[in-house]
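Contents: one structure, followed by commentary.
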Amino acid sequence: MKFIITEKIPELLESLSNAGQEVWAPQVVRDTVNTVLFAPWIPGADISFDMFTSISAKELVLPATEKLFSFRYRSENDLEAIEIESGEEPQARPILLFGARACDAAALGALDALFNGEPGGAFNDPAYRARRGALTVITLACTSCDTACFCSSFGEGPAEKSGSDIFLYPTEGGYLAEALTDKGKEIVGQQPFEDSCATAPPLVETARVDLTDIASRLRDGFADIDLWEQVAERCLSCGYCTYSCPTCHCFNIFDEMRFDREGERLRGWDACMFHQYTEETSGHNPRPRVAHRYRNRLSHKFWYYPENQGAFLCTGCGRCIRGCPGNLDIREAIAAVQQRHAGDARNGGR
Amino acid sequence: MSDLISTIQRTLEEGADLVLGWTRSATAGVAVPVRFYDSAEAEAAVFDSTCVHNLAVHLPRLKDRTVGIVAKGCDVRSIVELIAEREVARERVKIIAVPCPGVIDVKKVWRCFGYGKKCEDAGGQVAMEGKTAAREEILLAKCRGCRDVTPVIFDQAVGDAESLSAPAPAAEPAGLRERFRAMSPAERRGFWREQFSRCIRCNACREACPMCFCRDVCTMQTRDPHWAGGEIDAAEAQMAQQIRVSHLAGRCTGCEECERACPVGIPLMLLLEEQNEAVAALFGYRAGTDPAARPPLLTFDNNKDSWGER
């Protein structure tokens, strides 16, 4: 283990920044009451470890909007005559994410499975790979949590180290640092880290959800629309849960014109909670109600993705609980699915 | 709560298909919205300063039902405006007015004391697991100097009529609002560009707004017409929000739900308050104060008027 005293953290970040890393850290947004977001850090700025960020750090690997290529119509009359400029090989600037939580870092693994495949194989997204390769993650281990946290339900919970390059444990006067990758070793091998023989403090134990056989229970309850109407009755159908989620990764591809004949093809975040997400050109929508959309969101996280990838598409960060304007709690939704299986009497016919 | 519960039960007995109200949640720490379908369920009803949501947002989504709704004075204004806009039929909504002491700014409370701390309101003091705060100090901005303590209309009232006209809490101390109002147009432009650089276009502002009932055909998102681009960036986010705000001219009742819902803390009410004042000055109209009024945006006559758009 290595050790860094709290006062030296800015020095560390400044030296990494001088070495060419763009440093991102959780910070309080000016003029707000403790709204905390991951944002580019500049020397002198305060870092906030007390509050959870409202939005995950996924934008560092999946930008909210990115350009795929530019195009230009050569002629007004011939829509087939298009020049496409796809640009160079995707490049990414080196980014250091400081102060992510284990749930943020672990979520990168869920995204990697879909975007970080080897070139030539499936799931190879060159732009994602470039950004992922240029990302270093220094994770702050959680010795406390709030009531929305439920990461203990998944994997190693607060001790889950996948996705992190360094694990920092808060301790007396500073942080113990455990390097987990070569990138991490290089950083902790330098000043201002010093050797330490201290042992890491115990990590927090969060609330848990019962995920026993959840995939098959979701399958069993799929057609029970009354269940979903009830589960989603507080849902307002906004996109906060999906956009703040570290594992939600759905995107839309669309064109925006810049001038009369020039435009760009873009890729940007999309949310399965929006009506437009499944709206077809005909006007038909296979998920016309909030109940259908929420059922899909839950099923993707706990049934479809696990079926395909062998892991849940949720790390228990709790953002969708903390920030939901309707106070919908995904844990209650899971519990409702479990209770249906247990045969609890429910009110039907709504 | 017994008066509240019996009033909800009576509303159900008198023909409401369901009643929108609040109950306690094991996990949330504050009251959460719930739908009561029968008398037994209604036993779980609560009302206190942690009932922050404006449940009127659900009314346009439940048009096919007769809906009872537990409503604060400000929520009633949203219902009144929905009726004035002919979005909700007066006879299909049964308003249960509750005496409101002001509701707390849950984000402020939780961000200061820790998320999810159970907030319990006991006579002006809000207790949060070992800490207490005077309710007055942690209210939402809209509650300070509230002008809607007495509901415009209602079908049932909980408590005595006098409690529906309690004095409003003191006005908000000077802060961002005053600073914003002193800004020049150029400074405001810079201010909003910075604010909207955080916007993720989750549309929580729109979905939490009772007056944003265009639902699935909102021009904040449509490609045709294509007023706002699909990019999640400051320019397009601001364009989309300007569209929302201008479509709320003469319709916004100032319930502040958009600002409460915003996950990145954009002070949307600064835009809406300015506009509400302008509408009041130009048209003498305050949204949600008269169910028989004709809202300014509804004075357009499809048969006679044209704005040259197909």
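The values are calculated or read from the model by the stated rules, or taken from the named source; none is laboratory data. Because the structure is a prediction, the values reported are computed rather than measured. Methodologically, a virtual Cβ is constructed for each residue, glycine included, from the backbone with ideal geometry; neighbour enumeration extends over all protein chains shown. Quick note on the areas: whole protein, heavy atoms, side chains included, nothing else; ligands and nucleic acids left out. Shrake-Rupley method; radii C 1.70, N 1.55, O 1.52, S 1.80 Å.
Residue-by-condition table, conditions (1) open to solvent by 60 Å² or more (accessible area, probe 1.4 Å); (2) assigned by TED's automatic domain parsing to the domain that holds residue A:76; (3) not small (Gly, Ala, Ser):
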residue	(1), (2), (3)
A:258	yes, no, yes
A:261	yes, no, yes
A:272	no, no, yes
A:282	yes, no, no
A:286	yes, no, yes
A:292	no, no, yes
A:301	no, no, yes
Of the residues in the stretch B:223-274, those that are of a type in the set (Ser, Thr, Tyr) and either closer than 19 Å to residue A:254 by Cβ or touching a residue at least 60 places away in the same chain (Cβ under 8 Å) (or both) come to B:253
All conditions in (1) open to solvent by 10 Å² or more (accessible area, probe 1.4 Å); (2) not in a loop (DSSP other than H, G, I, E, B) are true of residue A:228 except (1)
Checking A:224, A:182 in turn, the sole residue that is assigned by TED's automatic domain parsing to the domain that holds residue A:324 and not hydrophobic (A, V, I, L, M, F, W, C) turns out to be A:224
For the stretch A:72-85, pairs from a residue that is within 16 Å of residue A:258 (Cβ to Cβ) and modelled with pLDDT of 85 or more to a residue that is among the hydroxyl-bearing types (Ser, Thr, Tyr) and open to solvent by less than 70 Å² (accessible area, probe 1.4 Å), with Cβ under 6 Å and 6 or more apart or across chains, are A:82/A:73; A:85/A:70
Note on residue B:217: of the conditions (1) at pLDDT 95 or above; (2) surrounded by fewer than 18 Cβ atoms within 10 Å (Cβ to Cβ), unmet is (1)
Turns out the strands (runs of 3 or more DSSP E) fully within the stretch B:45-139 with at least 2 residues that are within 21 Å of the chain's Cα centre (by Cα) and crowded, with 22+ Cβ neighbours inside 10 Å are B:67-71, B:93-97
Counting only residues that are in a loop (DSSP other than H, G, I, E, B) and either at the interface with another protein chain (Cβ under 9 Å from one of its Cβ atoms) or touching a residue at least 60 places away in the same chain (Cβ under 8 Å) (or both), the stretch B:176-217 contains a total of 11
Note: among A:157, A:163, A:120, A:99, just one is on the phi > 0 side of the Ramachandran plot and in contact with a Cys (Cβ under 7 Å, 6 or more places away or on another chain), namely A:157
Of those in the stretch B:232-247 that are away from every other protein chain (no Cβ under 12 Å) and crowded, with 23+ Cβ neighbours inside 10 Å, the residue farthest from residue B:197 (Cα to Cα) is B:244
Check: Looking at this structure, is residue B:262 within 30 Å of residue A:54 (Cβ to Cβ), surrounded by 21 or more Cβ atoms within 10 Å (Cβ to Cβ) and either small (Gly, Ala, Ser) or within 12 Å of chain A (Cβ to nearest Cβ) (or both)?
Finding: yes
